[in-house]
Amino acid sequence: MALSAKLAMRMGQSMVLTPQLLQAIKLLQMPSGELTAFIETELERNPLLDRAEERIEPDAPFEIAAPEAVPGDWASDTMPVENTDLALELGAEIDNVFDPDRAVTPAERTPQADGPSLTGGQFSGSGGGGGGEDPANIEAYVASQESFSEFLTRQALVALVDPGDRLIAAALIDGLDEAGYFRGDLDEVAALLGAPVERVERVLGVMQTLEPTGVFARDLAECLSLQLIERDRFDPAMQALIAHLPLLARRDYIALRRLCGVDDEDLADMIGEIKRLDPKPGRGFDHAPESLAIPDVIVTAAPDFGWRVELNSDALPRVLVNESYAAVIKRGAAREEDRQYVSTQLQSAHWLTKSLEQRARTILNVASEIVRRQDGFLVEGVSALRPLNLKTIADAVGVHESTVSRATSNKYVSTPRGMFEMKYFFTASLPSGGAGEAHSAEAVRYRIKQLIDAEDPHKVLSDDDIVTRLRAADIVVARRTVAKYRDNLKIPSSMDRRRQKMAGAMG
């Protein structure tokens, strides 16, 4: 069979992503802070765009009323805010001390809905001075605070004289994290600067003598060792204790006494000495401020025992198209290129305003449907959280699943129970033992935490015991699932909890 090239016509349908459509998709996925920065850029680039000074009113054309509450959905009209700080409830003080990299989950930090507004008003007018002058900028008179890197650089200039050593010190400072630990690689620093590794290690040793003591340590053990050496407390027994910090975190005092060769009293004194050290020597300095989450949607209780879902005007920048200015420029434009430029910018401005309106509508529709399906959570708390996936919301709103994913990505909702990321309300489904409804994975995690918090100190629950109690509550889970959820909650195993409770009773 001979092969040859030929031309053929074929009909088909395909979707072409135009630049305008790509922009609309990008705007939908942007968080509020990034969207504000994008709008500011467009205002500078496009002369036909103006910033809307007035605030968005509740009857704005793109706001949609929340769905009516179904009678019987609300169990109570009182909604106390729960304390979801797991670190406080688990009593994990010793774990926090010996785990400097411990991350805080979004469920652990839920700022209250009635927090301060992050968008201030504009001040106009002048003080007692003459009119027409700009108001004085108070921030210009405030002395800037010395940063952590500047504080270390100033010390390094005194401790090191050789210019090459100072260059190495600057590279080491760049490798510090906010806690003051050196997270870089000495071999990479040496290769980058073309210096011997031995010289880099020597400079690192000098930098470890700077203030605050413990800075430039490569791990927690080295950080504590540097502070103990300065206090002249790094004897052989303390060295053995520092070398076995995991045993200390598990409160395995029997093994520690054997390894350190000390009695109970000496071991208690050594542990007390370690607790007085600073595991994060760099945390007391000024670092780059963390961007605070601004709620995109605000949910409040309605008088009819339902919920009012509204867009947060502070998180929704609004722009207007200056049609009159565009007409004036078009009439005065002598060249075709100028008229084409005005037409292009006018079309871009119209598309941007339309995309912002569509973004607001989509977010509000999705948030309203989430509130309607998670009404039990707003009334009763995490225990009433229902299983929910993207497809369910997409089918109810009439959009694609990817649209729901973009509309909820990095978006926050303020509720009477605190502020949560919209993704928080999407949880996996766990089957029930009978014909009842499925259970949310987040609700099961909360139930496991409640069981462990209420356990008898003399009869600590094992994972198998938790499985049995969950099955009695019509929740079917495997033992490995319980262990995984327990690890996610930073809860020790039953053996470690038993050892901790025994140590607490002895203390």
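The values are calculated or read from the model by the stated rules, or taken from the named source; none is laboratory data. Predicted model only: the values in this text are computed from it and were never measured. Note that each Cβ is placed from the backbone with ideal geometry, even for glycine, and that neighbours are counted across all protein chains shown.
The table below gives the values:
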{"read-out": "GLN227 being buried (at least 16 other Cβ atoms within 10 Å of the Cβ), polar (S, T, N, Q) and outside any loop (DSSP other than H, G, I, E, B)", "value": "yes"}
{"read-out": "Any hit, the stretch 198-213, residues being more than 22 Å from GLY282 (Cα to Cα) and free of Cβ contacts under 8 Å to residues at least 24 places away in the same chain", "value": "yes"}
{"read-out": "Complete set of residues in the stretch 341-359 that are of a type outside the set (A, V, I, L, M, F, W, C) and under 15 Å from ASN46 (Cβ atoms)", "value": "TYR341, SER343, THR344, GLN345, GLN347, SER348, HIS350, THR353, LYS354, SER355"}
{"read-out": "Flag for ALA454 being of a type in the set (Gly, Ala, Ser) and either farther than 26 Å from LEU388 by Cα or loosely packed, with under 14 Cβ neighbours inside 10 Å (or both)", "value": "yes"}
{"read-out": "Count - residues of the stretch 423-464 that are in a helix (DSSP H, G or I) and either within 30 Å of VAL404 (Cα to Cα) or touching a Lys or Arg at 6+ places or on another chain (Cβ under 9 Å) (or both)", "value": "16"}
{"read-out": "SER440 being surrounded by fewer than 16 Cβ atoms within 10 Å (Cβ to Cβ), closer than 17 Å to ALA384 by Cα and touching a strand residue (DSSP E or B) at 6+ places or on another chain (Cβ under 8 Å)", "value": "no"}
{"read-out": "Qualifying residue in the stretch 412-426 (condition: surrounded by fewer than 17 Cβ atoms within 10 Å (Cβ to Cβ) and either in contact with an Asp or Glu (Cβ under 9 Å, 6 or more places away or on another chain) or under 30 Å from ARG257 (Cα atoms) (or both))", "value": "no"}
{"read-out": "Search result, residues across the stretch 3-48 that are closer than 19 Å to HIS350 by Cβ, modelled with pLDDT of 80 or more and β-branched (Val, Ile, Thr)", "value": "ILE25, ILE39, THR41"}
{"read-out": "Filter result for the condition that a residue is out of contact with any helix residue (DSSP H, G or I) (no Cβ under 7 Å at 6 or more places or on another chain), at pLDDT 85 or above and within 25 Å of GLU42 (Cβ to Cβ), over ALA302, ALA327", "value": "ALA327"}
{"read-out": "Matching residues, the stretch 137-158, being hydroxyl-bearing (Ser, Thr, Tyr), farther than 13 Å from GLY282 by Cβ and modelled with pLDDT of 65 or more", "value": "THR153"}
{"read-out": "Near pairs, Cβ below 6 angstrom, 6+ apart or cross-chain, from the stretch 487-499 (at negative phi) to any residue that is among the β-branched types (Val, Ile, Thr)", "value": "ILE491/ILE452; SER494/VAL460; ARG497/VAL460; ARG498/VAL460"}
{"read-out": "Verdict on SER405 being within 25 Å of GLN29 (Cα to Cα), out of contact with any strand residue (DSSP E or B) (no Cβ under 7 Å at 6 or more places or on another chain), surrounded by 14 or more Cβ atoms within 10 Å (Cβ to Cβ) and not aliphatic (A, V, I, L, M)", "value": "yes"}
{"read-out": "Residue that is surrounded by the most Cβ atoms within 10 Å (Cβ to Cβ) [pool: residues in the stretch 302-340 that are among the polar types (S, T, N, Q) and in a loop (DSSP other than H, G, I, E, B)]", "value": "ASN312"}
{"read-out": "Odd one out for ASP252, checked against (1) within 30 Å of GLU150 (Cβ to Cβ); (2) surrounded by 14 or more Cβ atoms within 10 Å (Cβ to Cβ); (3) not hydroxyl-bearing (Ser, Thr, Tyr)", "value": "(1)"}
{"read-out": "Count - residues of the stretch 202-217 that are surrounded by fewer than 16 Cβ atoms within 10 Å (Cβ to Cβ) and assigned to a loop (DSSP other than H, G, I, E, B)", "value": "2"}
{"read-out": "Residues (polar (S, T, N, Q) and assigned to a loop (DSSP other than H, G, I, E, B)) located in the stretch 465-494", "value": "SER493"}
{"read-out": "Residue pairs meeting the criteria (Cβ under 6 Å; at least 6 apart or on separate chains; first within 25 Å of SER493 (Cα to Cα), in the stretch 232-261; second basic (Lys, Arg))", "value": "ARG251/ARG499"}
{"read-out": "Test: residue in the stretch 367-381 that is part of a helix (DSSP H, G or I) and among the basic types (Lys, Arg)", "value": "yes"}
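Condition check ((1) free of Cβ contacts under 8 Å to residues at least 60 places away in the same chain; (2) closer than 29 Å to ASP304 by Cβ; (3) of a type outside the set (Phe, Trp, Tyr); (4) in contact with a helix residue (DSSP H, G or I) (Cβ under 7 Å, 6 or more places away or on another chain)) across all residues:
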residue: SER383; (1), (2), (3), (4): no, yes, yes, yes
residue: LEU390; (1), (2), (3), (4): yes, no, yes, yes
residue: ASP395; (1), (2), (3), (4): yes, yes, yes, no
residue: HIS400; (1), (2), (3), (4): yes, no, yes, yes
residue: THR403; (1), (2), (3), (4): no, no, yes, yes
residue: SER409; (1), (2), (3), (4): no, no, yes, yes
residue: PRO416; (1), (2), (3), (4): no, yes, yes, yes
residue: PHE420; (1), (2), (3), (4): no, yes, no, no
residue: SER432; (1), (2), (3), (4): yes, no, yes, no
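Let's see how each residue does on (1) hydroxyl-bearing (Ser, Thr, Tyr); (2) touching a His at 6+ places or on another chain (Cβ under 7 Å); (3) not assigned by TED's automatic domain parsing to the domain that holds VAL319:
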residue	(1), (2), (3)
VAL342	no, no, no
LEU385	no, no, no
LEU390	no, no, no
ALA396	no, no, no
THR403	yes, no, no
THR408	yes, no, no
TYR412	yes, no, no
ARG417	no, no, no
VAL444	no, no, yes
